[in-house]
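Read through the structure below, which is laid out as structure tokens, and then see the notes.
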Amino acid sequence: MILLIDPIAEFVGTLRDAQPDREVETVTDIDKAQQYLDQRGLEVVVIGPSFNNDDALEVARKLHAADPSVSVVLATRTDSASLYREAMRAGVDDVVHWQADRDEVRDVIDRASLETRRVRSYEQPEDDTPQAATTIAVFATKGGCGKSFVATNLATLLADRYPGEVVLVDLDLQAGDAALMLQLVPERSLQDAAEYGDGLDDQALRGLVSKAGNLSVLAAPSHPVHAEEVTPEVVLRVLELLRSMYRYIIIDGPPSFTEQMLAAIDVIDNVVVVSSLDVPSIKNLKLSVQTLKDLGVSRDRMKIVLNRADSKVGLGVREVEKSLGTTIDIALPSSREVPFAVNQGVAIVNVRPKAPISKALREAVQLFDRKAGDAGSGRARRSRQKD
């Protein structure tokens with residue numbers, strides 16, 4: 001059920017057109033709205049546009065305090081970055097202009113409903129102690145290995161198993177394309193997280209993610225000029241908040257050991273190191289594995305992925321393992337369908353679920369699925385020597 005406070009006929013019509021299969025109730029003030037909060041079927045409260053901004057934010061605070069699980073959407077006559085930040089701090093989950101079209105209103109309400117269901121379905125351990133998310137970084141020090149392909153598909157598979165409980169964070173701040181590979185054009189990114197400074201909290205961060213089906217995505221800055229704004233401190237704060245908000249965090253890392261990536265390595269559970277079957281990539285893979293070990297990431301916290309492992313290029317998996325001095329954990333086959341999926345902005349595990357590459361990815365995700373065995377119960381830590 002959707003509850004609209006302070007209905008304006010034009011917006012009521014848009015809202016009902018956007019959600020034709022759902023019950024939409026209208027009330028005129030917060031006192032009447034609070035009578036609905038004890039109804040489990042209520043998922044979204046929309047604060048109507050005839051409130052001024054200050055009054056609307058005060059209503060949002062009261063609603064959030066009364067029932068934090070109910071998502072709050074602000075329908076506003078004004079649209080500004082400062083209002084959006086204030087709204088997130090007041091407990092608002094999303095903001096939509098009151099004259100937005102039906103499709104935009106539908107998307108906003110759908111996201112808010114999904115967030116309510118996610119919060120309500122979150123399972124606490126028996127001791128009522130919140131369980132921190134498992135954090136998995138997908139990394140490669142050479143471009144073209146399929147790093148983002150692996151990250152987006154692993155994240156998609158986990159999100160299909162745990163809808164609304166998986167977030168993909170693009171830490172390739174100079175040239176991140178995780179959003180592009182999922183056909184997203186995000187309005188907000190890690191750059192916005194940096195702009196919040198010390199004011200960044202879970203409510204604000206929730207407003208910065210985009211949705212790709214069941215998956216949440218926190219995109220890289222839209223332009224590389226903003227990469228330096230996302231400092232290691234920002235990365236650590238973002239990951240700290242996300243750990244209490246989601247079950248899984250998948251990081252699509254940069255193609256080098258940046259300061260931001262080094263900060264992330266301090267707090268991750270597993271690193272997935274990706275390489276393709278060619279000599280330059282294997283050389284970089286060997287260096288990456290050794291560097292990660294030097295940083296304190298034990299081998300059991302690493303998963304080595306060899307992409308296009310069946311390519312006929314005069315080099316085989318056994319030769320790679322001999323060169324590395326360790327085994328390949330995940331061997332992904334070549335597939336002509338991969339470029340098609342990437343160019344279409346879709347996850348191959350969704351559009352070609354029976355393909356050998358999809359089967360291999362599903363087997364890979366079992367290494368991290370808590371229900372299949374907890375692969376992320378520890379924490380990777382690294383110690384730094386002071387000069």
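Some notes on this structure:
- Pairs meeting the criteria (first residue in the range 78-103 and on the phi > 0 side of the Ramachandran plot, second residue basic (Lys, Arg) and open to solvent by 60 Å² or more (accessible area, probe 1.4 Å), beta carbons under 8 Å, at least 6 apart or on different chains) are 91/61.
Every residue, every condition in (1) farther than 27 Å from residue 162 by Cα; (2) among the polar types (S, T, N, Q), yes or no:
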| position | (1), (2) |
| --- | --- |
| 193 | no, no |
| 196 | yes, no |
| 204 | no, no |
| 214 | no, yes |
| 218 | no, no |
| 221 | no, no |
| 227 | yes, no |
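- Hits in the range 84-96 (condition: assigned to a helix (DSSP H, G or I) and either touching a Phe, Trp or Tyr at 6+ places or on another chain (Cβ under 8 Å) or open to solvent by 10 Å² or more (accessible area, probe 1.4 Å) (or both)): 84, 85, 86, 89
- Those helices (runs of 4 or more DSSP H) lying entirely in the range 2-71 with at least 2 residues over 15 Å from residue 108 (Cα atoms) and within 30 Å of the chain's Cα centre (by Cα): 53-66
- Among residues of the range 157-169, those that are part of a helix (DSSP H, G or I) and surrounded by fewer than 20 Cβ atoms within 10 Å (Cβ to Cβ), counted: 2
- Restricting attention to the range 61-71, the residues that are crowded, with 19+ Cβ neighbours inside 10 Å and within 13 Å of residue 33 (Cα to Cα) add up to 3.
- Filter pass, residue 165 being more than 17 Å from residue 220 (Cα to Cα) and at pLDDT 90 or above: yes
- Evaluated against (1) without any contact (Cβ under 8 Å) to a residue 40 or more places away in the chain; (2) β-branched (Val, Ile, Thr); (3) touching a strand residue (DSSP E or B) at 6+ places or on another chain (Cβ under 9 Å), residue 231 falls short on exactly one condition, (3).
- Selection within the range 3-35 - touching a Phe, Trp or Tyr at 6+ places or on another chain (Cβ under 9 Å) and crowded, with 19+ Cβ neighbours inside 10 Å: 3, 4, 5, 6, 11, 14
- Check on residue 76, over 17 Å from residue 206 (Cβ atoms), modelled with pLDDT of 80 or more, more than 29 Å from the chain's Cα centre (by Cα) and hydroxyl-bearing (Ser, Thr, Tyr): no
- Residue match in the range 98-117 (condition: of a type in the set (Phe, Trp, Tyr), outside any strand (DSSP E or B), in contact with a Pro (Cβ under 8 Å, 6 or more places away or on another chain) and surrounded by fewer than 22 Cβ atoms within 10 Å (Cβ to Cβ)): yes
Okay, residues lined up against (1) closer than 25 Å to residue 238 by Cα; (2) open to solvent by less than 50 Å² (accessible area, probe 1.4 Å); (3) not hydrophobic (A, V, I, L, M, F, W, C):
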position: 262; (1), (2), (3): yes, yes, no
position: 271; (1), (2), (3): yes, yes, no
position: 276; (1), (2), (3): no, yes, yes
position: 296; (1), (2), (3): yes, yes, yes
position: 320; (1), (2), (3): no, yes, no
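- In the range 50-60, the residue that is most open to solvent (accessible area, probe 1.4 Å) out of those that are in contact (Cβ under 8 Å) with a residue 12 or more places away in the chain and farther than 16 Å from residue 93 by Cα is 50.
The values are calculated or read from the model by the stated rules, or taken from the named source; none is laboratory data. All of these numbers come straight from a predicted model, not from anything done at the bench. As a convention, Cβ positions derive from the backbone with ideal geometry for all residues, glycine included, and neighbour counts pool all protein chains shown. What goes into the accessible areas is simple: the full protein's heavy atoms, side chains included, and nothing from ligands, DNA or RNA. Shrake-Rupley method; radii C 1.70, N 1.55, O 1.52, S 1.80 Å.
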